[in-house]
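Okay, so here's the structure we're looking at.
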Amino acid sequence: MEIRSDFLVIGSGIAGLSFALKAAKSGTVALITKRDIKESATFYAQGGIASVSSKEDTFESHIKDTLDAGAGLCNREVAELVVKDAPARIQELMELGVKFSKRANGAAVELDLGKEGGHSKRRIVHAEDLTGKAVEEALVAAIRANPDIEVYENHIAIDLITHSKFVENIENIGSDAVWGAYALNKSTGEVHTFLAKATVLATGGAGKVYLFTSNPDIATGDGIAMAYRAGANIANMEFVQFHPTCLYHSKAKSFLISEALRGEGGVLRLKDGAGFMEKHHPMADLAPRDIVARAIDFELKKSGDDCVYLDMTHKPAQFLKERFPNIHKKCLEFGIDMTKEPIPVVPAAHYTCGGALTDTDGATDIKRLYAIGEAACTGLHGANRLASNSLLESLVIANRASIHASAVIKGEKTGIPPIPQWETRGAVVSDEAVVITQNWDEIRRFMWNYVGIVRSNKRLERAKRRIALLKDEINEYYWDFTITSNLIELRNIATVAELIITSASLRKESRGLHYNIDYPERDEANFRKDTILRLGLTPA
Ligand code: FAD
Ligand code: SIN
């Protein structure tokens, strides 16, 4: 089947949904998403959205905190633009019906602002500790009500349709362009051709590349891998953010314990009750995330313990239940009463700072291809993202991308060129699906052990050898057997793992989220720059 629209949006988190709503004002939108529409990292976001919203705060302070967290690699112009646009984007969400938490200030009612690591002021707009759910539900309701947006759930994009591969040599058009994507309908097993004048990757991050992650199962870096295969520049993949505090419990599947708890006075403690963050950073428990995660890793390796503890017991029980109802309830399900006992926590892979390189309009270096949200690298986060800047970046860049893409397609005379249907090339149904689960497990485990919070040359070399072997095996399997969603995701996590390993190997220093014990210092002279890779893992 062939489906035509002006805009193709891949992904239904905050980035994809916001783009779709805006773009629908100037054309038709097809939105494909690989599970049900709400399933996304966005849905699980807890802490909130950073936005200067009080008289005590300034744009300059938010910009400075963003740049400080980013360890010298943020693009100041991007940070300025995103920070200054935040209040307008928050206002839009409220107009869509998102009910952010409020508090009384004398006779006035104002936004209740939270605080998180690396922020020097209270500026996190939130909906209790379920911010993502509130935002996702409001956006989905607006999408469902819009007749110009066609939603395709349970459709997983396989690959982008590039002009150079499917139409003709790119000499005639100057540089390559994207005309949509092939996507597998998971319910029928058919591959459909989605054609569009502008295609948007809003596929989120790649936390599932690691054994332990706060991310939902959809986070397999599909958009980053598709952009890479299409020939786009991919930047800064070595900067994987590990969230310091995920619930340590065999059944909890890395449930996040929001940084907002430390913002409200939570203290990290060792098993014997001793606090330890003062010795690692002057901001102690509210230091930027890279520092807190590394400090916990250091303390765990030293003590041999399985976890550290986040202590909230000094706060009134009523306050905890009202401010963090979701976390309180979830902990109780696992037999932990956070009002009475410290919460066992460990770090887990949380956020992909790198991604498809874009400008501030979300445009990649391939015509008609945009990347927004966690799948993109705009230059905002540098070597370490400041807490609650991700939802914000998604909103701001989605808005700008919709304006840019609408202008690109407006009044175009030439249409989409003829594109061939997906070819199965004699693939047969696999009787060895165990290869997929085995390779998934292997990649996630060695990425955790060798390319995790603390890296070394030797570990990176080991990872490089293993991924090379596995990629060959996966590629062979990919072309021989009928495509499935597990296979598509496996191929993508292998590609993303290779991008992370290669980027980490190229950065011979330690900066932000990338820490290599063989180069423990920052090297401003040689490495104050982005790591950019193109197809063939060639540095751009
Ligand atoms: P996502 O919300 O992850 O959406 C990606 C979408 O793409 C999904 O719909 C997925 O199904 C779809 N998709 C992926 N691949 C394909 C494919 N091949 N074909 C079709 N569809 C596909 N950030 C903050 O700023 N504040 C917070 O408080 C915060 N809390 C967080 C808490 C948790 C537990 C997690 C995991 C993250 C948190 N983050 C937070 C980070 C933030 O939530 C994400 O970075 C952000 O939601 C990413 O939005 P997105 O739209 O780019 O991607
Ligand atoms: C959290 O609530 O700790 C997550 C915030 C973020 O990832 O920005």
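The values are calculated or read from the model by the stated rules, or taken from the named source; none is laboratory data. Quick caveat, the model's predicted, so the values are computed rather than measured. All Cβ positions, even for glycine, are placed from backbone atoms using ideal geometry, and neighbour counts span all protein chains on display. Surface accessibility is based on the protein's heavy atoms, side chains included, excluding ligands, DNA and RNA. Shrake-Rupley method; radii C 1.70, N 1.55, O 1.52, S 1.80 Å.
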TODO: Just round it to a whole percent: the fraction of Cα-Cα distances in the range 95-210 exceeding 20 Å.
DONE: 67
- [ ] Would you please give the residues with an amide H less than 5 Å from that of V308, counting only those at least 5 places away or on a separate chain, with H modeled from the backbone geometry?
- [x] V345
- [ ] Any chance you could run the full-extension gain for K102 through R144? It's 0.36 nm times the residue separation minus the Cα-Cα distance, nm to one decimal.
- [x] 12.4 nm
Task: Part-to-part distance (alpha-carbon centres) for the range 429-463 and the range 140-189, which is given in Å - done: 30
TODO: Can you tell me the order of 174-186, 360-372, 102-114 when each peptide is scored by its average per-residue count of other Cβ atoms within 10 angstrom, highest first?
DONE: 360-372, 174-186, 102-114
Task: Spin-label zone in the range 465-491 - amide nitrogen under 17 Å from a point set 7 Å from the Cα of E423 along the C-beta vector - done: 478-483
TODO: Check the straight Cα-Cα distances from K413 and name the lysines below 30 Å, setting aside those fewer than 8 residues away within the same chain.
DONE: K22, K25, K165, K197, K367
Open item on the list: Under 8 Å for C-alpha pairs, at least 6 residues apart: give me the relative contact order for the chain, rounded to a whole percent.
Closed with: 21
Open item on the list: Please list, ordered by chain and number, the residues whose modelled amide H lies under 5 Å from the amide H of A540; skip anything fewer than 5 residues away on the same chain.
Closed with: I532, L533, R534
Task: Computed lengthening from K458 to L506, 0.36 nm per intervening residue step minus Cα-Cα distance - done: 15.9 nm
Open item on the list: Can you give the local net charge around R507? Use residues other than it whose beta-carbon is closer than 15 angstrom to its beta-carbon, Lys and Arg +1, Asp and Glu -1.
Closed with: -1
Task: With DNA, RNA and ligands ignored, accessible area of L300 (1.4 Å probe; Å², nearest 10) - done: 30
Open item on the list: What distance in nm lies between label points placed 7 Å from Cα along the C-beta direction at A540 and N486?
Closed with: 3.4
Task: Helix 289-303 axis, angle to the chain major axis (alpha carbon atoms, nearest 10°) - done: 70
- [ ] With a ≥ b ≥ c taken as the square roots of the eigenvalues of the C-alpha gyration tensor of the range 1-46, please select rounded if a/c is under 1.5 and otherwise prolate if a/b is larger than b/c or oblate if it is not?
- [x] oblate
- [ ] Determine the gain in length on full extension of the stretch N526-Q318; use 0.36 nm per residue of separation and subtract their C-alpha separation, reporting nm with one decimal.
- [x] 69.7 nm
- [ ] Report, ordered by chain and residue number, the lysines lying within cross-link reach of K115, taken as a straight Cα distance under 16 Å and ignoring same-chain residues fewer than 8 apart.
- [x] K55, K64, K102, K315
Open item on the list: Kirkwood Rh and Cα-based Rg: tell me the resulting Rg over Rh for the range 423-540, rounded to two decimals.
Closed with: 1.06
TODO: Have a look at the DSSP beta bridges in the chain and tell me what percent are antiparallel, nearest 5.
DONE: 65
Task: Hydrodynamic radius by Kirkwood, which averages 1/r over all alpha carbon pairs of the range 433-488, in angstrom - done: 12.2
Open item on the list: Could you tell me the calculated FRET efficiency between R76 and S303, based on Cβ-Cβ distance and R0 = 56 angstrom, to the nearest 0.05?
Closed with: 0.90
- [ ] With everything on Cα atoms, drop me the angle between helix 485-506 and the longest principal axis of the chain, reported from 0 to 90° to the nearest 10.
- [x] 70
Task: On Cα atoms only, tilt of 14-23 relative to the major axis of the chain in degrees - done: 50
Open item on the list: Going by Cα centres, the range 52-70 and the range 328-406 are how many Å apart?
Closed with: 18
TODO: Using packing as a proxy for protection, rank 141-150, 33-42 so that the peptide with the highest average count of other Cβ atoms within 10 Å comes first.
DONE: 33-42, 141-150
Task: Calculated over the range 1-84: convex hull of Cα atoms, volume per residue (Å³) - done: 156
Task: Convex hull volume of the range 359-480 per residue (C-alpha atoms, cubic angstrom) - done: 173
Task: Computed E for K84/Y478 - FRET, C-beta separation, R0 41 angstrom, nearest 0.05 - done: 0.35
TODO: Compute the Cα gyration tensor for the range 241-378, then decide on rounded, prolate or oblate, letting a ≥ b ≥ c be the square roots of its eigenvalues: rounded whenever a/c is under 1.5, prolate when a/b is larger than b/c in the other cases, and oblate in all that remain.
DONE: prolate
- [ ] Leaving ligands, DNA and RNA out of it, report the carbon-plus-sulfur percent of the accessible area of the range 54-126 at a 1.4 Å probe.
- [x] 51
Task: Range of Cα positions in the range 195-305 per principal axis (Å), largest first - done: 59, 33, 28
- [ ] Name the residues whose placed amide hydrogens come within less than 5 Å of the amide hydrogen of A127, ignoring near sequence neighbours (fewer than 5 apart) on the same chain.
- [x] S101
Task: q = 0.13 Å⁻¹: log10 I(q)/I(0) that the Debye formula gives for the chain, counting C-alpha atoms only - done: -1.33
Task: the chain - mean residue ellipticity at 222 nm from DSSP helices (-39,500 (n - 2.57) per run, n ≥ 4, rounded to 500) - done: -11000 deg cm²/dmol
TODO: Could you let me know the centre-to-centre spacing of the range 101-123 and the range 234-297, using Cα atoms, in angstrom?
DONE: 22
Task: Per residue accessible area in Å² of the chain, where ligands, DNA and RNA are left out and the probe is 1.4 Å - done: 39
TODO: Under 14 Å from a label point 7 Å along Cα→Cβ of M283: give me every residue in the range 97-133 with its amide N that close.
DONE: 115-124
TODO: Per residue, how big is the convex hull around the C-alpha atoms of the range 189-257? Give it to me in cubic angstrom, could you?
DONE: 135
Task: Using a Förster distance of 45 Å, the FRET efficiency for S250-S61 (Cβ separation, nearest 0.05) - done: 0.60
